[in-house]
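Structure record follows, encoded as structure tokens.
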Amino acid sequence: MSFSQLKETIEEGDTVILYLNPLNLHSIEVKPEIPNKHDELVDNVFQTKYGALKIKGLIGQKFGSKVSLSKGWAYVLHPTPELWTLTLPHRTQIIYSADISMIIFQLDLKPGCIVIESGTGSGSLTHALARTVSPNGTVHTFDFHKQRAAIAEAEFAGHKIDSVVKSYHRDVCQLGFGPDLDSLADAVFLDLPLPWTVVPHAVKVIKKSGGRFCSFSPCIEQVKRTCEALHDSGFREIQTMECLQRELTVRSRTVPILHPDKEEESEEKMTFTSALPQPTVPGHTGYLTFATLPPN
Amino acid sequence: MEPSQDQSTIKLGEYIVLQKGNFMKIHQLSKNSCVMLGRDKIDLTSIIGHKFWTNFKMVHKKGSKREFELIVCDKSESLLNLIDKDVRGTDNRDIWDDGSSQLMSADEIFKLRDRGCSGQDIVGQLLENSKTFHCKTEYSQQKYLKKKEKKYFEYVVVLRPNIRVIAQILFSKDPQKVLNLRSDTLSQIVTAVNLQPTGKYLLYENGCQGLVTAVVLNHLGGNGRLIHLYPNLHYQKHAVLAMNFQQKDLDSFISVRLSSFLKKMFPDSSCKVSGPSVGNCKLIACENSNDPQLESSGGLSSSEVINGGNTHECCERDEDISPRRGCLNTDDTEVSTEEIDPAHEPPTRQFIETSQSSQEQKLEDSALISDGCKRKSSTDDNDAPSKKSKWELEVDKAVDILSTVKADGLIIICKEYPIHLINRLIKLVAFSRNMVVYSMYQEPIVKLFCELKLRKDVIGVKLTESFLRNYQVLPDRTHPEINMSSSGGFLLTATVVSPEDCPS
């Protein structure tokens, strides 16, 4: 129950996050034994920069405690959708937390909502959507790539969020979302190369009482066509935005005080704390286009 | 609270959002409700019972220039329909600003308005009497009409408030009154603290009109727990009220005064302080961070801490002792009544008064406002001494909950420098759970960052700022909007872990 229910102690089958430092995180499934190449069960040992970790030893440990590695130590953390986003195996490009936060907020999601997502991709957003609509809502997530859909579905089951997430292998551009979801959704999210082709299908699945729409597109040409399609389909409050989160690096700095009259360098120093963003930061992730379908 | 769960109809007593063009306003709908939109007074009587998203047209009331009533209409006529597609120029080389392009005088235009002409008619006449409009390019014509639309738009749509709209309205109206907390940063608070609907969260909020409280309650949906700590005799709840929460949403809500909570939660550390280290945004009295006595004040001490006596007396004395507090209070009152709305103002005032007298903080009580607010204000106080008042029971409940199982997250949004508060509350947070601190200023949160870095029981301390840019998307005219918000505040996130070393 590691993603869907917060808990204290690590059990077999949980996913845990191994925290070495802020930039060195790993997600690990707690399986004490794994088969080797001769198909014999052997102790599961996870290798890190600071040495090996015996997975068996994690069982019974408290989340948030220190565990020893053969050449150091690390923390074992409770998984969260945000930590998963940082550690998940990439099968596609993924959406990161700043955009995810905005998407959830702008789609008016809360527990009990029904939200439709396409494509599933690597499931980064899906985990956060599942958290928001749980325990009694549903995320219906679609991907046209058969293998990706299958891997994602297995992951959702492994993370025990499959009671909230329903995965489908389907090309929604061609086929829409299917009749079963007609007029059921509170919100639709699209991260597709041709989102405008899905706008009419989105209209069909959104509740009669209205709902919200979001499309994430890296290119402005996609945004333009999506906005036109939204306008033509009766959407209101169409809004496009870009949202970035910059981390500030905090450092203590000391600089000499310059005296223009003196020849030699001054002994006097000034010390301050600086907080600057990294020299290079992501300057663009994608455009987020939101819209409301009013009740009909 | 209400037997009918119908959320699609405009109901008396509930909060609504009025949208006129790009302008939005939160309003509580009372009997014979009127609302000011700009300089126009609008009678809202006719909207009750209609569905949200209905279009209403503003129609002049007889005999008055700026008073309107609302009638249902199919759709809002856009002024852009006035454009004659065949008449337009290719560029502006022949358009000269000599002040004579409009043939009508200002007086004549005012007269049209005073006669009760519709916006459509007035702008139609403006175009007819303009020498240059027809020479403008298509885009320039649209831009001109969009500008006129701002002034003459006469349609109103009524929306159901939700957290997105409320955050947007409060921020765009006056960012300072919500501590510059922009919607992107607000949304990041929810994810950074890993807000699970079934979790238990601890929140201290001071200075953003209940916005963060409303967000957390919205995301709990009545499932988990929110233990909300507030600084003074009453907390700001504008945003919470505007959400029209149902009783089931509020079941997860426990709201207690910080000082009462701390006293009960940590009875050993006595809450006596030598001087009133009144919390404000300056980093006062915080330097001796190892002094347990000072620590207990959390930089937020009230006069209650000083005399350790009856909270009710202290509430009143607070204002006298600390000019800063007094200032805060007027601020609050202003916040809740500023909706320039005669119908809204009295209940709000009344609420503040009653809450002062009774110290009850339960929201369902405040929701009674619309029903005339007949509250048993004094009964609680006058009960037999053995019987605990409602607020005491709330404190007991909060302490009980956190004594058995620790919190799944800590959120601190305030004007004050919160290091002492964090030192206290961090003990109540379970391991491997997150804390989030928001500050509108960079300097104090950088200082806080440095202090937290020294602690053994938090890891992954991260300081971020966010950037949000809106776009105009129009055929051949797509670009970022001219104005953008320059700061959405600063967020510090960290994970609480066990300070113990691993058994090796």
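The values are calculated or read from the model by the stated rules, or taken from the named source; none is laboratory data. All of these numbers come straight from a predicted model, not from anything done at the bench. Cβ sites come from the backbone with ideal geometry, for glycine too, and all protein chains shown count toward neighbours. Keep in mind that these areas ignore ligands, DNA and RNA; they rest on the heavy atoms of the full protein, side chains included. Shrake-Rupley method; radii C 1.70, N 1.55, O 1.52, S 1.80 Å.
Here is a yes/no grid of residues against (1) more than 21 Å from the chain's Cα centre (by Cα); (2) open to solvent by less than 30 Å² (accessible area, probe 1.4 Å); (3) modelled with pLDDT under 95:
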residue	(1), (2), (3)
B:20	no, no, yes
B:23	no, no, yes
B:30	no, no, yes
B:41	yes, no, yes
B:44	yes, yes, yes
B:49	yes, no, yes
B:55	yes, yes, yes
B:59	yes, no, yes
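Only strands (runs of 3 or more DSSP E) whose full extent lies in the range A:69-188 are considered here, and the ones with at least 2 residues that are away from chain B (no Cβ under 13 Å) and farther than 27 Å from residue B:252 by Cα are A:114-118, A:138-143, A:165-169. Restricted to the range B:173-206, and to residues that are in contact with a strand residue (DSSP E or B) (Cβ under 8 Å, 6 or more places away or on another chain), among the polar types (S, T, N, Q) and in a helix (DSSP H, G or I), which residue is nearest to residue B:76 (Cα to Cα)? The extreme case among them is B:183.
When residue B:80 is tested against (1) in contact (Cβ under 8 Å) with a residue 40 or more places away in the chain; (2) open to solvent by 60 Å² or more (accessible area, probe 1.4 Å); (3) of a type in the set (A, V, I, L, M), only condition (2) is not met. Residues that are in a loop (DSSP other than H, G, I, E, B) and open to solvent by 10 Å² or more (accessible area, probe 1.4 Å) within the range B:207-223 comprise B:221, B:222, B:223, listed in sequence order.
Report, by residue number, each residue of the range A:151-196 that is hydroxyl-bearing (Ser, Thr, Tyr) and open to solvent by 50 Å² or more (accessible area, probe 1.4 Å). Matches in the range A:151-196: A:163, A:168.
Does residue A:212 satisfy the criteria of being in a strand (DSSP E or B), basic (Lys, Arg), within 9 Å of chain B (Cβ to nearest Cβ) and open to solvent by 50 Å² or more (accessible area, probe 1.4 Å)? No; evaluated as a whole, the condition is false for this residue. Among the conditions (1) open to solvent by 100 Å² or more (accessible area, probe 1.4 Å); (2) closer than 19 Å to residue A:198 by Cβ, residue A:286 misses just one, which is (1). If the condition is being out of contact with any Gly (no Cβ under 9 Å at 6 or more places or on another chain), under 19 Å from residue B:163 (Cβ atoms) and either in contact (Cβ under 8 Å) with a residue 60 or more places away in the chain or among the small types (Gly, Ala, Ser) (or both), then the range A:104-128 contributes A:106, A:128. Suppose the filter is over 24 Å from residue A:106 (Cβ atoms) and modelled with pLDDT of 95 or more; does residue A:128 pass it? Spelling it out, it is not the case that residue A:128 is over 24 Å from residue A:106 (Cβ atoms) and modelled with pLDDT of 95 or more. Only a single criterion out of (1) in contact (Cβ under 8 Å) with a residue 60 or more places away in the chain; (2) more than 19 Å from residue B:226 (Cα to Cα); (3) within 13 Å of chain A (Cβ to nearest Cβ); (4) open to solvent by 10 Å² or more (accessible area, probe 1.4 Å) is not satisfied by residue B:200, namely (2).
In this entry, residue B:148 is excluded by the filter for residues that are loosely packed, with under 13 Cβ neighbours inside 10 Å, closer than 25 Å to residue B:39 by Cβ and basic (Lys, Arg). Summed over the range B:168-197, the residues that are within 13 Å of chain A (Cβ to nearest Cβ), in contact with a Lys or Arg (Cβ under 9 Å, 6 or more places away or on another chain) and surrounded by fewer than 24 Cβ atoms within 10 Å (Cβ to Cβ) give a count of 2. Considering each residue of the range A:52-67 in turn, none proves to be within 14 Å of another protein chain (Cβ to nearest Cβ), closer than 24 Å to residue A:149 by Cα and open to solvent by 40 Å² or more (accessible area, probe 1.4 Å). The residues in the range A:205-226 that are closer than 29 Å to residue B:52 by Cα and touching a Gly at 6+ places or on another chain (Cβ under 7 Å) can be counted, and the count is 1. The set of residues in the range B:448-466 that are closer than 27 Å to residue A:243 by Cβ and either of a type outside the set (A, V, I, L, M) or modelled with pLDDT under 95 (or both) comprises B:449, B:460, B:462, B:464, B:465, B:466.
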